[in-house]
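The values are calculated or read from the model by the stated rules, or taken from the named source; none is laboratory data. Just so you know, these numbers come straight off a predicted model, no measurement behind them. Cβ placement follows ideal geometry from the backbone for every residue including glycine, while neighbour counts extend to all protein chains displayed. Remember, those area values only see protein heavy atoms, side chains included, never the ligands or the DNA or RNA. Shrake-Rupley method; radii C 1.70, N 1.55, O 1.52, S 1.80 Å.
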Amino acid sequence: QLFVFRSLATATVPLVVRAVENSDGSSTESECILTYVVTGTGRGNKVTMTNNNGHEMVTDIPKKYGGNESAPTPVETLLAALIGCIQSTGMYVARSMAPRILVDRIEFDLKAQRDGRAPLEMPLEKTPELTVRPTRVFGTATVYQRNGEPIAPEQLQLLGTQTEARCPVSNLMQDSGCAMDIDWIDGSAT
């Protein structure tokens, strides 16, 4: 039996920062803040970036917009960041559940939509009236357990809901007004 949990997240989730307690019971918020560092250099429409661990990332844009199509677009890398964030957050959620979901893999098929006219809107002295950001992300996240057993519908729903609620990239996109429409599917039923 195929069970699909559809996430239609559009509401803003309040940010709650919990301080970690030190051995003496004290804590500071600054100990909980994560800082991400990326530096980059752009030449034409291509940008080469490096994070603080030395990993390199490159973006470019399609030829019809003046790029060379030598790398993913910035919006494609945003979608890739969402997939990576959902994967790592989902693994945390799955292993923290009771009973645990023993995830073998999650297969993603996501798409993002935005109005391509917005960045080109004239005159440049006026802020575009059209929405520039992605307005919708949709697709599937198919979860496969290591043992091949089906995932109970309530477990799949909890996994999807809590993963999207805890994923920083998903939250950022939702807070921008981007609708998230991801179907969570039990891979044993496919």
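Taken one residue at a time, the phi angles of the range 49-57 give Karplus couplings (6.51, -1.76, 1.60, θ = phi - 60°) of 10, 9, 8, 5, 9, x, 6, 9, 10 Hz. Gly and Pro are set to x.
Taking all protein chains in place and a 1.4 Å probe, what share, in percent, of the accessible surface of the range 45-85 do carbon and sulfur account for? In the range 45-85, the share of accessible area belonging to carbon and sulfur is 53 percent.
Accessible surface area normalised per residue over the range 87-190 is 54 Å², counting heavy atoms of protein chains with a 1.4 Å rolling probe.
Of the peptides 120-126, 44-50, 64-70, the order by per-residue mean of other Cβ atoms within 10 Å, starting with the highest, comes out as 44-50, 64-70, 120-126.
Going by the alpha-carbon gyration tensor, a ≥ b ≥ c the square roots of its eigenvalues, is the range 52-123 rounded (a/c under 1.5) or, if a/c is not under 1.5, prolate (a/b greater than b/c) versus oblate? Prolate shape, in that a/c is at least 1.5 and a/b is the bigger ratio. Extension gain for Met91-Ala165 works out to 25.3 nm (0.36 nm per residue, less the C-alpha to C-alpha distance). Converting phi to 3J(HN,Hα) with the Karplus coefficients 6.51, -1.76 and 1.60 and the offset θ = phi - 60°, the range 176-182 yields 7, x, 6, 6, 9, 10, 10 Hz in sequence order, with x at every glycine or proline.
Under 5 Å from the amide H of Ile151 lie the amide H atoms of Ser188, each residue being 5 or more positions distant or on a separate chain, with H modelled from the backbone and absent for Pro and chain starts. A straight Cα-to-Cα reach below 17 Å connects Lys63 with the lysines Lys46, residues fewer than 8 places away in its own chain not being considered. Once backbone amide H atoms are built at 1.01 Å from N, Asp183 has Ser7, Gly139, Thr140, Ala141 as its partners under 5 Å, excluding neighbours fewer than 5 places away on the same chain. Under 5 Å from the amide H of Arg105 lie the amide H atoms of Tyr144, each residue being 5 or more positions distant or on a separate chain, with H modelled from the backbone and absent for Pro and chain starts.
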